[in-house]
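In what follows, a structure is listed as structure tokens, so that the remarks can point back to it.
The values are calculated or read from the model by the stated rules, or taken from the named source; none is laboratory data. Given the structure is predicted, the values throughout are model-derived calculations rather than measurements. As a convention, Cβ positions derive from the backbone with ideal geometry for all residues, glycine included, and neighbour counts pool all protein chains shown. All accessible areas refer to the heavy atoms of the entire protein, side chains included, with ligands and DNA or RNA removed. Shrake-Rupley method; radii C 1.70, N 1.55, O 1.52, S 1.80 Å.
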Amino acid sequence: MDFESRLGDALADMGTSLEAASKQQLFCALLRATRDLELEMAPAAGDRKLYYFSAEFLVGRLLRANLINLGLADEVEALLARRGTSLAEVEDCEPEPSLGNGGLGRLAACFLDSIASLGLPGDGVGLNYHYGLFRQDLSEGVQREEPNPWIAPDSWLVDAQRSFSVPFGFGDLEARMYDIEVPGYGNGTVNRLHLFDVADPAPAPEHGIAFDKGDVRSCLTSFLYPDDSDEAGRLLRVYQQYFMVSAGAQLILAELEERGFAPEELDRHVAVHINDTHPSMVIPELVRLLVERGVAFEDAAGIVERTCAYANHTILAEALETWPMWYIERVAPGIAPVIRQLDALARTRCADDAVAIVDAADVVHMANMDVHFSHAVNGVAALHTQILVTSELRPLAELYPEKFSNKTNGITFRRWLMGCNQPLADHITAAIGDGWKRDASRLEELLALRGDDSFVRGLLDIKQRNKFSLTAWLRAEKNVEVDPHSVFDVQVKRMHQYKRQQMNALYAIWKYLQIKRGNVPNRPLTMVFGAKAAPAYELAKDTIALLLALSRLFGDDPEVAPWLRLVFVENYNVTAAEHLIPAADVSEQISLASKEASGTSNMKFMANGAVTLGTLDGANVEIADLVGRENIYLFGRSSEDVIGLYERGDYRPWDVWQADGELSEVLDLIVSPELLARGDAGCLTRVYRDFIAKDWFMALLDARDYVVTKERCLADYEDRGAWAQKMLANVARSGFFSSDRTIREYDRDIWHLA
Ligand SMILES: *Cc1c(COP(=O)(O)O)cnc(C)c1O
């Protein structure tokens, strides 16, 4: 049946027609027609199947992405045009699934898209959070968290009619499986994202996101990353993790049996990927299930080691998970003895306590377990992998050098260029044909167009058009006004001290003081921020309050407002990113060197023709190598310097502050009467004190170099011809960061699916 007839049937079922339907009805009918078409399609086949385990899948809205991959986007656009509307208007009815936090979850979503698009057999395994990550409310000048329910009567979730019984300490809990279809791009493949859920989920809390964390049976899938500042919250995280991996491991063994293989053959027919440490308990759970099926413990451990692979996403110590053994004994008593046995086995390979799974305090080190009992371990950008091997996981890397490799992250160009920036995608296709849509490395063909005036002009024109579109979206959706002819300088990502939004705030204050002294810039500047802070992360929330106060200060000042605007976009998510990134001129990637494992928004910005202002951290290093120093703005201390400063413990922010009069003037503004009148005094004071007394991520150390480099970048922006060449170089070299390339490498070196 053709798609138009399917859509007609879906509308008729709803008692309406293409002509009469509301936008909401059009969205529901498109969702049903697309989902039902996908349910008739087959998953990729192969001898070895991948299960990609992740606590987060930040998939974003799915209608447009699915239509693009199914090759139906143009047809649907034409159908909707007949009815006087557009896909953009209709998709505004789609709630964004809030199944992820940030980069790690978005990476998992890009990977599923690439796995299906390369025709590889691989499904995602995760949890069906009902209220997801919170929705951010900034109306009071500080962040408030609200539940973000996204599961409507018509949703992408399909009841798979399959469930597993998870053996918790308090008794068994049923895990029901729901699927989201994942179509490949133009290849007729549909893989699945399996999301497990409790049978009797709790309703949304009345106010905020506080709920009864002890009510595991109904609250287990309420929220992603429940507040872990108390024990009940930490235990709930362990309940969530074990629920996900136990149900997933049972699914794997059931499918193995359905395919006609014995449990001993697991490693030959299955690859398990552990996305960061949250799914680590899949290792002891698979061992437990194999032993239950009659496999000897040591054999089971070997099979599981050959099946599993682990990707590390951070070197921040607080993010390398450890759990007291008694948590596991209470939550998942079936695997506690397995973990002790695995620890004993690992100690026969290496007696060093630094690599133990269970330490002397009876605490379980998840990353250590992952490295001992995976056959492959990877970092997510060249610099990150190097730091893992030479410092963070050094003893383990010395024990198992053959396990370690790098897999630099990527993004799917279907969503992050074709989907969110159609004008640019069309401009590229008109110039070099559409081969780049299947093979992003062919974007390099654009380099031959450096002398083609109309192509180069077109880049500037499209950027301006996207800035007009963003201006309209910000007005309609976020109630903020920006000047579309200003420079759009954008920092959007989770709020974290290591990402250093607070350093960008120092630039904003410096610029404000310059303007007050009469040094107005060549052109107005719009500084755009978007970020959620973890609910229990006080300093991150304080930084949001600082930025909101600065936004008011600048907006209230008639001398400043025409030249400098600071816009904080509420509730940053994938949908917001899809509007912001195509319109950005400058991409802020200013983490303290050595702290950002990779970053992926840096890649999205690059593909959309923004120029990076950043430190040599994460994948910025590879961006710089690809585009050349003339097409990126680099500043700040190197990762070696930073690691040395931490080792010696001799960074003193108050020395920097005392030595630099201009910097101390900038900092004083944070606690000045005019700012205190516009923001929460407690928040502002804490930020100020932290800068001077602690500054753990060394914002003051790099602040001067940052200001100078940003000024140079903004001055260069005025040479529009030269800037357009920088844009061209960035777009043309961005193809390396296609997640298709990343997935090919995972498959070639780790999964061996094809
Ligand atoms: C890409 C993306 C991220 C990751 O951003 P980084 O700057 O790499 O940390 C986070 N959130 C959303 C919504 C994204 O789309």
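Tell me yes or no: at least one residue of the range 601-619 is aromatic (Phe, Trp, Tyr), away from the ligand (no atom under 13 Å from the Cβ) and assigned by TED's automatic domain parsing to the domain that holds Thr709. No. Within the range 352-402, being at pLDDT below 95, of a type in the set (Gly, Ala, Ser) and more than 28 Å from Asn620 (Cβ to Cβ) holds for one residue alone: Ala354. If the condition is being open to solvent by 60 Å² or more (accessible area, probe 1.4 Å) and of a type in the set (Ser, Thr, Tyr), then the range 442-487 contributes Ser454, Ser469.
Here Ala533 clears all of (1) in contact with a Ser or Thr (Cβ under 8 Å, 6 or more places away or on another chain); (2) within 16 Å of the ligand (Cβ to nearest atom); (3) open to solvent by 40 Å² or more (accessible area, probe 1.4 Å) except the condition numbered (3). Restricting the range 559-591 to residues that are within 19 Å of the chain's Cα centre (by Cα) and acidic (Asp, Glu) leaves a set whose member that is most open to solvent (accessible area, probe 1.4 Å) is Glu570.
Candidates Leu663, Leu700: the one that is more than 31 Å from the chain's Cα centre (by Cα) and not charged (D, E, K, R) is Leu663.
Look at the range 652-671 and say how many of its residues are closer than 14 Å to Asp702 by Cβ and in a loop (DSSP other than H, G, I, E, B). Adding up the residues that qualify gives 1.
Would you mind stating whether Val304 is assigned to a helix (DSSP H, G or I), modelled with pLDDT of 95 or more, within 18 Å of Pro337 (Cα to Cα) and under 31 Å from the mean Cα position of the chain (by Cα)? The answer is yes for Val304. Among residues of the range 278-297 that are under 20 Å from Val364 (Cα atoms), those with a beta-carbon under 7 Å from a residue that is open to solvent by 40 Å² or more (accessible area, probe 1.4 Å) at least six positions away or on a different chain give the pairs Phe297/Val291; Phe297/Gln341.
Residues in the range 170-201 that are open to solvent by less than 20 Å² (accessible area, probe 1.4 Å), of a type outside the set (A, V, I, L, M, F, W, C) and not in a strand (DSSP E or B): Gly184 only. Considering the range 566-589, and only residues there that are assigned to a loop (DSSP other than H, G, I, E, B) and within 22 Å of Ala724 (Cα to Cα), the residue that is farthest from the ligand (Cβ to nearest atom) turns out to be Asp585. Just one of (1) loosely packed, with under 15 Cβ neighbours inside 10 Å; (2) in contact with a helix residue (DSSP H, G or I) (Cβ under 7 Å, 6 or more places away or on another chain) fails for Lys437. It is (1).
Within the range 32-48, residues that are part of a helix (DSSP H, G or I) sit with their Cβ atoms under 6 Å from residues that are surrounded by 14 or more Cβ atoms within 10 Å (Cβ to Cβ) and not hydroxyl-bearing (Ser, Thr, Tyr), at 6+ positions apart or across chains, in these pairs: Arg32/Ala10; Ala33/Arg6; Ala33/Leu7; Ala33/Ala10; Thr34/Asn66; Glu38/Glu181; Glu38/Pro183; Glu38/Val190. When Ala204 is tested against the conditions (1) open to solvent by 30 Å² or more (accessible area, probe 1.4 Å); (2) more than 30 Å from Asp680 (Cα to Cα); (3) not β-branched (Val, Ile, Thr), the lone failure is (2). Right, Pro167: open to solvent by 30 Å² or more (accessible area, probe 1.4 Å), touching a residue at least 12 places away in the same chain (Cβ under 8 Å) and in contact with a Cys (Cβ under 9 Å, 6 or more places away or on another chain) or not? No, not satisfied. Take Leu592 and tell me if it is in a loop (DSSP other than H, G, I, E, B), aliphatic (A, V, I, L, M) and either more than 24 Å from Ala108 (Cα to Cα) or in contact (Cβ under 8 Å) with a residue 40 or more places away in the chain (or both). Yes. Just so you know, in the range 462-508 the residues that are in the same structural domain as Glu718 (by TED's automatic domain parsing) and among the basic types (Lys, Arg) include one that is nearest to Leu547 (Cα to Cα), and it is Arg500.
Could you tell me whether any residue of the range 605-615 is open to solvent by 10 Å² or more (accessible area, probe 1.4 Å) and at pLDDT 95 or above?
Checked against the condition, which is being open to solvent by 10 Å² or more (accessible area, probe 1.4 Å) and at pLDDT 95 or above, the range 605-615 yields no hits at all.
Checked against the criteria, Cys110 counts as touching a residue at least 60 places away in the same chain (Cβ under 8 Å), more than 16 Å from Gly188 (Cβ to Cβ) and in the same structural domain as Ile252 (by TED's automatic domain parsing). Looking at the range 91-145, which of its residues are under 26 Å from Ile544 (Cα atoms), among the hydrophobic types (A, V, I, L, M, F, W, C) and within 12 Å of the ligand (Cβ to nearest atom)? Of everything in the range 91-145, those that are under 26 Å from Ile544 (Cα atoms), among the hydrophobic types (A, V, I, L, M, F, W, C) and within 12 Å of the ligand (Cβ to nearest atom) turn out to be Leu99, Leu104, Leu107, Leu133.
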